[in-house]
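Colleague: Pasting a structure here, questions to come.
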Amino acid sequence: MLRKVPMSEVSQHNHDENIWLVISGKIYDFTRFMPEHPGGADVIRRYAGRDATKVYGEVHSPNLVQMTLHPSEVIGEIDDSTITFDAHQSTATKTTSSTQAEMPSLDNIINLYDLEDVASKHLSQKAWAYINGASNDNITRDENQALMRRIWFRPSVMRDVSSVGTRAKLLGTDLECPIFICPTGAVRMAGNEGEIALAKAAATMGIIQCIATASSYPLEEILDATPERAFFQLYVNKDRQKSEALIKQINESGKVRALFITVDVPVISKREADERVKPDVVIDTANIKTHKGGSDKKGAGMTRQNSGFIDSALSWNDIEWLRGHTKLPIVVKGIQSWRDAKMAVQYGCQGIVVSNHGGRAADTAQPAILTLLELQKNCPEVFSALEVLIDGGFRRGSDVVKAICLGASGVGIGRPMLYAVQYGQVGVEHAIQILREEIETAMQLCGMTDLIRDSSPDYVNTCQIDHLVPSKRHSYLRKIERFQTKL
Ligand code: 173
């Protein structure tokens, strides 16, 4: 039985040496944990001696506080008769829930851009800045999409397309269509159901989610909501033992089919939108227990606050270390050059994700679809040595079909899935359904009946971007020239 505590007693515990917060009717002692809070001490301090239920609920899963604090840090239960209006006051302003009522019905959402439009109007300013934003000038983010539109279909006609199939195998897993949900940090910023909505919708729709290290719900809860299978994205921790423990948990879950290791942000890039919008609430992530804030001007807001743990010393030799800790397929996520694709083959990886982190890594890095084309032109052997996945800028079923024609075995969808989380699980299912139908229609209009069997570069005309792919020989000759100049 928990002790009933009057609000007047709670409000006295309002300083760093002794700090209590009320969350969902229970009183917790945050004194020990406050310096370790991944989102920083300030947000806890702001609610010292007060009710933090609302602000807590915007960014954390209901059970996180119980899982994080010791049983001895649960002080008691609030005595309801002692609560005054003031205790509920928070400094947080715009929230997702307060605006949800005005969102258009899902029937009116007919493509993924509609979801983005809703997000731009209904997400909190901070969530929109974090999710929609990318690095520096957002050039790579936007060009990822734009370049896809400079690849033309070369449709075949009269191929009896009365029925079409999109089934595919991705890293040994059977899918209804070759789509995976990209790993993204802190999905709960987009909507309360967060990664749980993604897990459930991926299952009902027959696709797969790649769970992120920096997820907002605890890994156990996401895995519980995952009936059968998922991928897992790993940021390698500076403290390797922490990564090893996480990999062990992944191995033992029996649900994870591949380990994606993110390699394109050894340091977090400059995320200016994220930096500019000061948070109402400091969003953090459930599975990361280290915090390194920055007092410099490198600028990445919430992302940087939660990324101090990422090991920038990661190198290709670490693939061997990873291999020593898991039997799962290892997929290197964030390949941006065809030479690195070859490296992944040399180091014995089972897959790569051609990706620039949705333009959130090096700004002005080449669009992902261009990298895929470079692989086709400069090292086509890679496609049979490992699985080539891709993400970045995919918004239409036709974009997906183009990537599959250029040799990708699966396509990742990131931001649009988060925008769909505004509507919870049904929203995510709706988004996946839209994509599937668009894929089928694009196939039929191009004369394909089975996506995997029929897709080939013959269906796409890349002449508008071919000249952007430097030939292998060209760069090799440049190297020799440089060498000769030195001599
Ligand atoms: O792109 C991101 O925002 C990202 O990868 C990340 C990394 C660490 C914490 C939160 C998000």
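The values are calculated or read from the model by the stated rules, or taken from the named source; none is laboratory data. This is a predicted model, so every value here is computed, not measured. Methodologically, a virtual Cβ is constructed for each residue, glycine included, from the backbone with ideal geometry; neighbour enumeration extends over all protein chains shown.
Colleague: For segment 309-330, which positions are crowded, with 17+ Cβ neighbours inside 10 Å, farther than 22 Å from Ile390 by Cα and within 16 Å of the ligand (Cβ to nearest atom)?
Modeller: Phe309, Ile310
Colleague: On to the next question. Here are some conditions: (1) farther than 28 Å from Trp316 by Cα; (2) away from the ligand (no atom under 16 Å from the Cβ). Ile247 meets all but one. Which one does it not meet?
Modeller: (1)
Colleague: Quick one: which of Asn144, Asn111 is within 16 Å of the ligand (Cβ to nearest atom) and under 25 Å from Asn461 (Cα atoms)?
Modeller: Unique residue meeting the criteria: Asn144.
Colleague: Sticking with this one: Using beta carbons and a limit of 7 Å, which pairs, at least six apart or on different chains, have the first residue in segment 242-266 and modelled with pLDDT of 95 or more and the second one within 16 Å of the ligand (Cβ to nearest atom) and assigned to a helix (DSSP H, G or I)?
Modeller: These pairs meet every condition: Gln249/Leu219; Asp264/His357; Val265/His357.
Colleague: While we're on this one: For the structure I just gave you, tell me whether Gly358 is modelled with pLDDT of 95 or more and out of contact with any Ser or Thr (no Cβ under 8 Å at 6 or more places or on another chain).
Modeller: Considered against the rule, which asks whether it is modelled with pLDDT of 95 or more and out of contact with any Ser or Thr (no Cβ under 8 Å at 6 or more places or on another chain), Gly358 comes out as yes.
Colleague: So His357 passes all but one of these: (1) within 16 Å of the ligand (Cβ to nearest atom); (2) under 23 Å from Ser471 (Cβ atoms); (3) not acidic (Asp, Glu). Which condition number does it fail?
Modeller: Result: His357 passes all but (2).
Colleague: If the Cβ limit is 6 Å and pairs must be 6+ apart or interchain, which residue in segment 103-120 that is closer than 15 Å to Gln145 by Cβ pairs with which residue that is at pLDDT 95 or above?
Modeller: Leu112/Arg395; Leu112/Pro416; Leu115/Ile109; Leu115/Pro416; Leu115/Tyr419; Leu115/Ala420; Glu116/Tyr419
Colleague: Further question on the same structure: Out of all the residues in segment 391-408, is one or more assigned by the TED database to the domain that holds Ala230 and within 18 Å of Ala258 (Cβ to Cβ)?
Modeller: Scanning segment 391-408 turns up at least one residue that is assigned by the TED database to the domain that holds Ala230 and within 18 Å of Ala258 (Cβ to Cβ).
Colleague: If I go through segment 360-385 residue by residue, how many of them are more than 16 Å from the ligand (Cβ to nearest atom) and either under 18 Å from Ile465 (Cβ atoms) or crowded, with 23+ Cβ neighbours inside 10 Å (or both)?
Modeller: Counting residues in segment 360-385 that are more than 16 Å from the ligand (Cβ to nearest atom) and either under 18 Å from Ile465 (Cβ atoms) or crowded, with 23+ Cβ neighbours inside 10 Å (or both) gives 15.
Residue-by-condition table, conditions (1) more than 22 Å from the chain's Cα centre (by Cα); (2) within 16 Å of the ligand (Cβ to nearest atom); (3) modelled with pLDDT under 90; (4) charged (D, E, K, R):
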{"position": "Thr290", "(1), (2), (3), (4)": "no, yes, yes, no"}
{"position": "Ser307", "(1), (2), (3), (4)": "no, yes, yes, no"}
{"position": "Val332", "(1), (2), (3), (4)": "no, yes, no, no"}
{"position": "Ser337", "(1), (2), (3), (4)": "no, no, no, no"}
{"position": "Ile352", "(1), (2), (3), (4)": "no, no, no, no"}
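Colleague: Do we find a residue being more than 18 Å from the chain's Cα centre (by Cα), hydrophobic (A, V, I, L, M, F, W, C) and away from the ligand (no atom under 16 Å from the Cβ) anywhere in segment 183-196?
Modeller: no
Colleague: Exactly one of these conditions fails for Gly172: (1) surrounded by 13 or more Cβ atoms within 10 Å (Cβ to Cβ); (2) in contact with a strand residue (DSSP E or B) (Cβ under 8 Å, 6 or more places away or on another chain). Give me its number.
Modeller: All conditions are met except number (1).
Colleague: Also, quick follow-up: Quick check: is even one residue across segment 185-208 under 24 Å from Arg323 (Cβ atoms) and touching a helix residue (DSSP H, G or I) at 6+ places or on another chain (Cβ under 7 Å)?
Modeller: yes
Colleague: Might you let me know whether segment 96-104 holds any residue that is at pLDDT 95 or above, surrounded by 15 or more Cβ atoms within 10 Å (Cβ to Cβ) and more than 30 Å from Glu387 (Cα to Cα)?
Modeller: Yes, segment 96-104 contains at least one residue that is at pLDDT 95 or above, surrounded by 15 or more Cβ atoms within 10 Å (Cβ to Cβ) and more than 30 Å from Glu387 (Cα to Cα).
Colleague: While we're looking at this one, here's another question. If you check Lys297 against the conditions, is it modelled with pLDDT of 65 or more, more than 25 Å from Thr364 (Cβ to Cβ) and away from the ligand (no atom under 13 Å from the Cβ)?
Modeller: Spelling it out, it is not the case that Lys297 is modelled with pLDDT of 65 or more, more than 25 Å from Thr364 (Cβ to Cβ) and away from the ligand (no atom under 13 Å from the Cβ).
Colleague: Right, Lys242: within 16 Å of the ligand (Cβ to nearest atom) and surrounded by fewer than 24 Cβ atoms within 10 Å (Cβ to Cβ) or not?
Modeller: It is true that Lys242 is within 16 Å of the ligand (Cβ to nearest atom) and surrounded by fewer than 24 Cβ atoms within 10 Å (Cβ to Cβ).
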